[in-house]
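The values are calculated or read from the model by the stated rules, or taken from the named source; none is laboratory data. Keep in mind it's a predicted model, so treat the numbers as computed, not measured. With ideal geometry, Cβ positions are generated from the backbone for all residues, glycine too; neighbour counts draw on all protein chains shown. Accessible surface areas use protein heavy atoms only, side chains included; no ligands, DNA or RNA. Shrake-Rupley method; radii C 1.70, N 1.55, O 1.52, S 1.80 Å.
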Amino acid sequence: MRKIILFACLAVCMTVKGYTDHRNAKVDSAEQVLNNSKHLSDKDRLNCYSILIRGYLGKDGEKHDRYCREMLALTYKTDSKNMRESALYNLGLQNYGQEKYEEAERYFLWALAVTDSMKNDKRYSESDIDDNLSQLYGAIGNLYNMQDKALLAIKYYQKALPIFEKHGWLESQTILHHNVAELWLSMGNNEKAEAEYLEAVRTGEASGDSLMAALPRKGLVKIYINEGDYDKARQTILPAYDYYHAHRKEETGDYPEILASMTKLYLMDGHTDLDKAKAYAAEGLSLVNDEMMMETRSDIYAAATMVAMKEHRWQQALDYALKSIHENDDEATYGDIGCYELLAQIYMQLGNKEQASIYIKKVRTLQEQLSTRNYQSGLSQMEVLYETAQKEAQIATLDKERGLYRWLLGLAVALLVTMVIGYCLLVIVHRRKRALLAAKVALEAETKERQILARDLHDGLGGMLSLLRMKSLTPSSPGLSQSEGSEYIQLLDRIIVELRRTAHHLMPEELLRNGLISALNDFAVSVPGAKFQAIGDISMEKNKELVLYRCTYELVNNALKHAEASHIDIQLMQDEKEITLTVSDDGKGISHTSHHLPLTSNNMGLHNIRERIEPYHGTLNIITAEGKGTDIHIILPL
């Protein structure tokens, strides 16, 4: 089942983006143009990167990753958000293919954030944004599906539905409804699965594509067979059988499933045609191979088991039935329940009551395990909570009527306590407002000073250094040998780069223009070995964004200069109560494990950070050991 879902979701992305097979793309010529053209424009360079990352996807992971990152860095220079989304999406696909699901999720969600920022940018059309969203929703749905997070997968698949409906993409709608139906079916929710399959049949037939019309029928017929509805089952499967039989050489994965369903159709009570059932079962068995998915093999062997049982070939039925179940009970699915029931019947006929009893117990145990393992609908849970709340309210009313005086006394005490607490809170809030106001005034003054200093450094001193470098290159520069002149120029280059980097981070434009998430993404890209991840719905006032950016910059600089770290992870997380900034490095650690380190040149930055977060009641936690890196957590309460 999973193979079909993933293939179908990939087809969604292909349909939307006008995808073509890039495995035969001329990556060599694009690579040659990129490497040999020194005066290539940024736009042409981005186009070369785009060709290369699609050409190397799934073929050369190292080159694909390198070109994606080079493309990503260039998009910040050119402010090309659509190309940035493409680079991030392809990095996600690369990690997804390597089963690095956490990394893939990080890149996909980052790409979603970039696409969201395109909505207010007049350079990008509604179609550009819809294309990005549809491919990302499909990719994230696939990602959660592979991790057995069915409800999250459904959520993201369905996010794409309004886009498909708006543009009239019937084939994409068909695939989406089919995928969602498959997931509901895997969780044992036949009612929701049937509704989604029927929508897929409707849109598939409207599309005029024969595959789209047949695809959802393959799953829908299983529901009708299990419910014993012969008429619906027959009406559903015959058009699907006609298609898959005509394309049996191409549809090697789906055709055996259809044969299994045809076998079961002609074994239904009141409509049994044993000759037809045997013929379909035999054809299905002839197609079984080691590469076939377990779910498909199980379907075929279960159908063959039912035929053998009809003919009272109990030993043959037992052999087929044992092949229809997962060898490991931990991997069992809803399909195994029916196979366990068949095994219980077979063992009873063979006179082995002990084994029959074992499989009867397995049926009950597996049903309970799957009910616990799989999430049920949120609506039913909300109904239970609502009924519970109503009952508690009724009980509270009865108690109030029985003990009115006791209730009034408790209320009076509660009011008194509330008044006392309220007064204390007013005092605390007043003091906190004064502290925050002072911090805000100081921060605004610091920000203005930083803006002036950054401008002066970049335009004034930076310009003078650049002029000095130009003059140093002239032949008339006295007093310097050729080697000394080269070293002098290199030193000036390093000073200019460091000066402009410092000026940029004194007051980064990205922070003022697009906020903390975008600024930290930009910062992490500029630092070798650094990675940034945001978790949760990040939203805070500008003052806190400035404080957290300064803290991040200080901590990353400490990790590079003092800890000699080669890898730095930056994580920003927000929940209902607090914002947490974590900076982790693999450096040499801090020799003092106390949170109150003595003031030295090496940890002056930590003292500065404490002073920055103190007005916001922030806390600084340090986890470190010599030679084992450092984790620093900054927590600001909301």
Sequence neighbours fewer than 8 away in the same chain don't count; with that in mind, list the aspartates and glutamates whose C-alpha is under 12 Å from Lys278.
Glu311
Take the Cβ-Cβ distance between Glu564 and Asp319 as r, set R0 to 60 Å, and report the resulting FRET efficiency rounded to the nearest 0.05.
0.40
Taking a crude spin-label model, label points 7 Å out from Cα along the C-beta direction, the Ile623 to Val288 distance in nm is 5.0 nm
If I stretch the segment between Gln369 and Gln158 completely, what's the gain in nm (0.36 nm per residue apart, minus their alpha carbon distance), one decimal?
73.2 nm
Note: Glu295 to Ile489 extended length (0.36 nm per residue) minus current alpha-carbon separation gives 63.1 nm
Net +/- balance of residues flanking Gly536 in space, Cβ distance below 14 Å, scoring K and R +1, D and E -1
-3
Over 30 Å between C-alpha atoms is what I'm after, so list which of Lys59/Lys81; Lys119/Lys192; Lys149/Lys218 land there.
Lys119/Lys192
How much accessible surface area, in Å² rounded to 10, belongs to the heavy atoms of Met83 with a 1.4 Å probe?
50 Å²
Per the 1/(1 + (r/R0)^6) rule, R0 = 51 Å and r from the Cβ atoms of Leu350 and Asp575, FRET efficiency to 0.05 is 0.30
Region 517-574-region 294-349 distance, computed between alpha-carbon centres (Å):
56 Å
Take Ser210 and Thr272, extend 7 Å from each Cα along the Cα→Cβ direction, and tell me the distance between the two endpoints in nm.
3.5 nm
Need the C-alpha centroid separation for region 159-202 versus region 66-95, integer Å.
31 Å
Per the 1/(1 + (r/R0)^6) rule, R0 = 25 Å and r from the Cβ atoms of Asp128 and Ser29, FRET efficiency to 0.05 is 0.40
Distance cut-off 31 Å, Cα to Cα: go down the list Lys100/Lys544; Lys159/Lys531; Lys222/Lys249 and report the pairs above it.
Lys100/Lys544
Counting pairs of alpha carbon atoms under 8 Å apart in space and at least six apart in sequence, what relative contact order in percent does region 234-364 give?
16 percent
For Asp631, net neighbour charge (Lys/Arg +1, Asp/Glu -1) across residues whose Cβ lies under 15 Å away:
-1
Exposure ranking of His567, His326, His607 by accessible area [1.4 Å probe, largest first]
His567, His607, His326
Other residues with Cβ under 14 Å from the Cβ of Arg234 give, with Lys and Arg +1 and Asp and Glu -1, a net charge of -1
Points 7 angstrom from Cα along the Cβ direction at Asp229 and Asp65: gap in nanometres?
5.1 nm
Length gained, Lys149-His312, 0.36 nm per residue minus C-alpha separation, equals 54.5 nm
What accessible area, in Å² to the nearest ten, does a 1.4 Å probe give for Arg612?
50 Å²
Accessible surface ranking that places the most exposed of Glu614, Glu251, Glu291, Glu227 first, with a 1.4 angstrom probe:
Glu291, Glu614, Glu227, Glu251
Take Arg313, Arg550 and sort them by solvent-accessible surface of the protein heavy atoms, 1.4 Å probe, largest at the top.
Arg313, Arg550
With every protein chain kept in place and a 1.4 Å probe, region 263-347 has an accessible area per residue in Å² of 49 Å²
Carbon and sulfur %, accessible surface of region 101-152 computed with the full protein complex present, 1.4 Å
47 percent
Run down the aspartates and glutamates and flag those whose C-alpha is under 19 Å from the C-alpha of Lys310, throwing out any fewer than 8 positions away in its chain.
Asp269, Asp273, Asp275, Glu283, Asp299, Asp319, Glu341
